[in-house]
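The values are calculated or read from the model by the stated rules, or taken from the named source; none is laboratory data. Model, not experiment: these values are computed from the prediction. Every residue, glycine as well, gets a Cβ built from its backbone with ideal geometry; the counts of neighbours run over all protein chains shown. Remember, those area values only see protein heavy atoms, side chains included, never the ligands or the DNA or RNA. Shrake-Rupley method; radii C 1.70, N 1.55, O 1.52, S 1.80 Å.
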Amino acid sequence: MSTTPRRTLVALAALTALLVSGCAKEPGGPRLPGPGPSSAAPSPNPAPGDPKARAEALVRTLADEDLVGQVLMPYAYGSSATKVSPGSAAGNQALAGVDTPAEMVAKYRLGGVILVGFSADDPTSGNQATTNVDNPKQVRELTTGLREAAGKLPAGPAPFLIGTDQEYGVVTRISDGVTLLPSPLAAGAAGNPALTEAAWRAAGAELAAMGINMDFAPVADVLATRSTVIGSRSFGADPKNAAGQVTGAVRGLQAEGVAATVKHFPGHGLSAADSHKDLPVVGQSRAVLDRLAFPPFRAGIDAGAMAVMSAHLDVKAVDPGTPATFSHKVLTDVLRGQLGFQGVVVTDGMNMAPAKRWSPGEAAVRALNAGNDLILMTPNVRQAYDGLLAALKGGSLPRARLVEAATRVLTMKFTLADRPAPDLATLGSAEHQKAAGDLAAAAVTMLRGRCGTPAAGPVTVTSSAGRNHTRATLTAALTAAGVKVVPSGGTVVHLVGYGDDAKDLRADAAVTVAMDTPYVLADAKSPTLLATYSSSRASMTALAGVLAGKARPTGRSPVSVTGLPATACGT
């Protein structure tokens, strides 16, 4: 994969920092197994049948080095497992002292890898140091190569975990050649868990076809504040509605063999601050947490979600001053003890600011002792790996805690086992496009205007800056729906999206459409106000149907907009 200047600079800067700190590449090859059970070859099928029994049997054959590797899930540089550009090799050297992702898997006996990438208008882009995704065929080849490397390890009988953040909307790691669902907030506006489940089942099938078996989604955060970091990633402000949507998304993903991860526990939507940069404070009472924040997480757990992601949040009502990721009270006492979750707890990115107050090794130990089972995106794989081994030897990390975490991870892996990957031809299928389209159509909301009235005469589509692609998509959809679109002089339909505010509105627009959170519509003067909550092709096609008078906008805003009803179309 060619390396962009940004990626090259990031990689070289990281490599320089590594060399300065005296952590240059180790001489010799991969780390050798230590004495003890690692030399014993595990049975190809340790304990056929129950995934937990298989995991427990495999754990008994593994050395401490293998157990530590199973609880690490870093990112890696490069679009191939074995062949990378010089810039990606430099990035991997800085991150782990190896050149390629496959070497990283082998050296640290990894339990999994997260695929990262850049998304437009992405509030998480600050911790995406590289990208692994170009197109579905490349992703499938990368995941195949990673699995080949992992299959040679002592833990090889268990499927290798390959995850990504495919939330849809502003956080979408793989966008080319796949069926793009409308955002979670759009699903919240549709308010139909069955439609959500069908759409996320299509998403699960496509992820599985690319070799991805863990999705760090859905977002279970209730949007209690006007947060831009969560925003349209949430299903909305109503915990009951959000709970139903989380249930649908979890069931859809896992029906296709992709582990769902409800996040960010105990609820990032309760704070508007960005945990990529700061430690947000959640100051609400425990009663508010129980009533407002926890219902979608409970719903995801009840739906069988295999994983829950912990958040870098200071939850004052439970453990003031300690980020939830590192809080035994939050993760072990509340999440496991009170909510009853028995699956895998995975950290949010350990390369985010609140987790970097400690060294990578100490942070990994603290996270595991708090109750996490999987350490995600450590900023230095070698230091995290060595830190966990040293803590294990020194006693600050009880071996029972490590065994418990590795067993949970392996149990999830065996639960995902024995499912053949769908063919890549399933991507973008008519069935999948229909599922996305049905959800998008049910989401379109009219917050002001005459319900069912089409846009008058020829239409001119305008937008805030930088949305040429979306304008072109809507123009094509309107034309297909029989609406004449002219460059100027028509009925103005103005689009606003992520990051836009009052200055991005157009005073003479007949119709203003919010393609992200709809709060900006409170300042719009247009006689007709619509929201799609998403700029996906499916959402623009659904919008065109409404503007053409061929569809009724049946959605209800899942968040309150000052001075406007949830819908101007009755029920």
Selected residue [charged (D, E, K, R) and within 26 Å of the chain's Cα centre (by Cα)] from ASP523, ASP501, ASP508: ASP501
Within the range 258-277, is even one residue under 22 Å from the mean Cα position of the chain (by Cα), open to solvent by less than 30 Å² (accessible area, probe 1.4 Å) and of a type in the set (Lys, Arg)? yes
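Please state which one of GLY349, GLY371, GLY343 is open to solvent by 10 Å² or more (accessible area, probe 1.4 Å) and either in contact (Cβ under 8 Å) with a residue 40 or more places away in the chain or touching a His at 6+ places or on another chain (Cβ under 6 Å) (or both). Talk me through it step by step, then tell me what you get.
Numbers: GLY349 fails: open to solvent by 10 Å² or more (accessible area, probe 1.4 Å); GLY371 fails: open to solvent by 10 Å² or more (accessible area, probe 1.4 Å).
None of the other options fit; the residue is GLY343.
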Selection from the range 304-334 of residues among the aliphatic types (A, V, I, L, M) and more than 26 Å from GLU256 (Cβ to Cβ) yields ALA311, LEU313, VAL315, ALA317, VAL318, ALA324, VAL330, LEU331, VAL334
What residue, of LEU180, LEU153, is more than 30 Å from LYS240 (Cβ to Cβ) and buried (at least 19 other Cβ atoms within 10 Å of the Cβ)? LEU153
Within the range 448-480, of all residues that are among the charged types (D, E, K, R) and at pLDDT below 95, the one nearest to VAL493 (Cα to Cα) is ARG467
Mind checking which residues of the range 55-89 are over 26 Å from the mean Cα position of the chain (by Cα), within 11 Å of THR100 (Cβ to Cβ) and of a type outside the set (Gly, Ala, Ser)? LYS83
The condition from (1) in contact (Cβ under 8 Å) with a residue 12 or more places away in the chain; (2) touching a strand residue (DSSP E or B) at 6+ places or on another chain (Cβ under 9 Å); (3) open to solvent by 10 Å² or more (accessible area, probe 1.4 Å); (4) more than 18 Å from GLU404 (Cα to Cα) that LYS356 misses is numbered (2)
Here are the criteria: (1) polar (S, T, N, Q); (2) over 30 Å from ALA477 (Cβ atoms); (3) under 23 Å from the mean Cα position of the chain (by Cα). Tell me which single one THR407 does not satisfy. (3)
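Please pick out the residue among ARG298, ARG401, ARG357, ARG336 that is touching a Gly at 6+ places or on another chain (Cβ under 7 Å) and either farther than 28 Å from GLN93 by Cβ or at pLDDT below 95 (or both). Step through it out loud before you land on a result.
Details: ARG298 fails: touching a Gly at 6+ places or on another chain (Cβ under 7 Å); ARG401 fails: touching a Gly at 6+ places or on another chain (Cβ under 7 Å); ARG357 fails: touching a Gly at 6+ places or on another chain (Cβ under 7 Å).
Every option except ARG336 fails the conditions.
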Taking the condition in a loop (DSSP other than H, G, I, E, B), at pLDDT 95 or above and in contact with a helix residue (DSSP H, G or I) (Cβ under 6 Å, 6 or more places away or on another chain), does ALA149 pass? no
Inside the range 316-338, can you point out the residues that are in contact with a His (Cβ under 6 Å, 6 or more places away or on another chain) and either hydroxyl-bearing (Ser, Thr, Tyr) or without any contact (Cβ under 8 Å) to a residue 40 or more places away in the chain (or both)? THR325
Checking the structure you have, find out if any residue of the range 359-368 is under 21 Å from PRO280 (Cα atoms) and under 18 Å from the mean Cα position of the chain (by Cα). no
On the basis of being among the polar types (S, T, N, Q) and closer than 24 Å to ASN351 by Cβ, does SER271 make the cut? yes
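From the list LEU416, LEU397, LEU427, LEU389, pick out the single residue that is touching a residue at least 60 places away in the same chain (Cβ under 8 Å) and either surrounded by 22 or more Cβ atoms within 10 Å (Cβ to Cβ) or touching a Ser or Thr at 6+ places or on another chain (Cβ under 8 Å) (or both).
On the way: LEU416 fails: either surrounded by 22 or more Cβ atoms within 10 Å (Cβ to Cβ) or touching a Ser or Thr at 6+ places or on another chain (Cβ under 8 Å) (or both); LEU397 fails: touching a residue at least 60 places away in the same chain (Cβ under 8 Å); LEU389 fails: either surrounded by 22 or more Cβ atoms within 10 Å (Cβ to Cβ) or touching a Ser or Thr at 6+ places or on another chain (Cβ under 8 Å) (or both).
Criteria check complete, one pass: LEU427.
Taking the range 212-232 as the region of interest, how many residues are open to solvent by 10 Å² or more (accessible area, probe 1.4 Å) and at pLDDT 95 or above? Talk me through it step by step, then tell me what you get.
Residues of the range 212-232 that are open to solvent by 10 Å² or more (accessible area, probe 1.4 Å), as a first pass: 213, 224-226, 228.
Then drop every residue that is not at pLDDT 95 or above, which leaves 213.
Residues in the range 212-232 being open to solvent by 10 Å² or more (accessible area, probe 1.4 Å) and at pLDDT 95 or above: 1 in total.
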If a residue has to be part of a loop (DSSP other than H, G, I, E, B) and either crowded, with 22+ Cβ neighbours inside 10 Å or free of Cβ contacts under 8 Å to residues at least 40 places away in the same chain (or both) to count, how many in the range 90-115 make the cut? 6
Among the residues in the range 197-210, are any of a type outside the set (Phe, Trp, Tyr), under 17 Å from ASP302 (Cα atoms) and either at pLDDT 95 or above or open to solvent by less than 10 Å² (accessible area, probe 1.4 Å) (or both)? yes
Among the listed residues ARG54, ARG60, which satisfies the condition of being in contact (Cβ under 8 Å) with a residue 24 or more places away in the chain and open to solvent by 10 Å² or more (accessible area, probe 1.4 Å)? ARG54
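Having 3 or more residues that are of a type in the set (A, V, I, L, M, F, W, C) is the bar; report the strands (runs of 3 or more DSSP E) wholly within the range 436-530 that clear it.
On the way: elements: 445-448, 459-463, 491-496, 511-514.
Hits in the range 436-530: 491-496, 511-514.
Go over the candidates ARG233, ARG251, ARG201, ARG226 one by one and state the one that is of a type in the set (Lys, Arg) and in contact with a strand residue (DSSP E or B) (Cβ under 6 Å, 6 or more places away or on another chain). Reasoning before the result, please.
Numbers: ARG251 fails: in contact with a strand residue (DSSP E or B) (Cβ under 6 Å, 6 or more places away or on another chain); ARG201 fails: in contact with a strand residue (DSSP E or B) (Cβ under 6 Å, 6 or more places away or on another chain); ARG226 fails: in contact with a strand residue (DSSP E or B) (Cβ under 6 Å, 6 or more places away or on another chain).
After ruling out the rest, the residue left standing is ARG233.
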With the structure loaded, tell me whether GLY490 is over 23 Å from LEU185 (Cα atoms), open to solvent by less than 50 Å² (accessible area, probe 1.4 Å) and modelled with pLDDT of 95 or more or whether it fails that test. yes
Taking the condition part of a helix (DSSP H, G or I), open to solvent by 10 Å² or more (accessible area, probe 1.4 Å) and closer than 24 Å to ASP373 by Cα, does ALA299 pass? yes
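Residues are listed down the side, and each one gets a yes or a no for (1) at pLDDT 95 or above; (2) surrounded by 19 or more Cβ atoms within 10 Å (Cβ to Cβ); (3) in a loop (DSSP other than H, G, I, E, B):
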residue	(1), (2), (3)
ARG31	no, no, yes
PRO42	no, yes, yes
PRO48	no, no, yes
VAL68	yes, yes, no
Can you give me the ranges of the helices (runs of 4 or more DSSP H) entirely in the range 165-270 with at least 3 residues that are touching a residue at least 40 places away in the same chain (Cβ under 8 Å) and among the β-branched types (Val, Ile, Thr)? 239-255
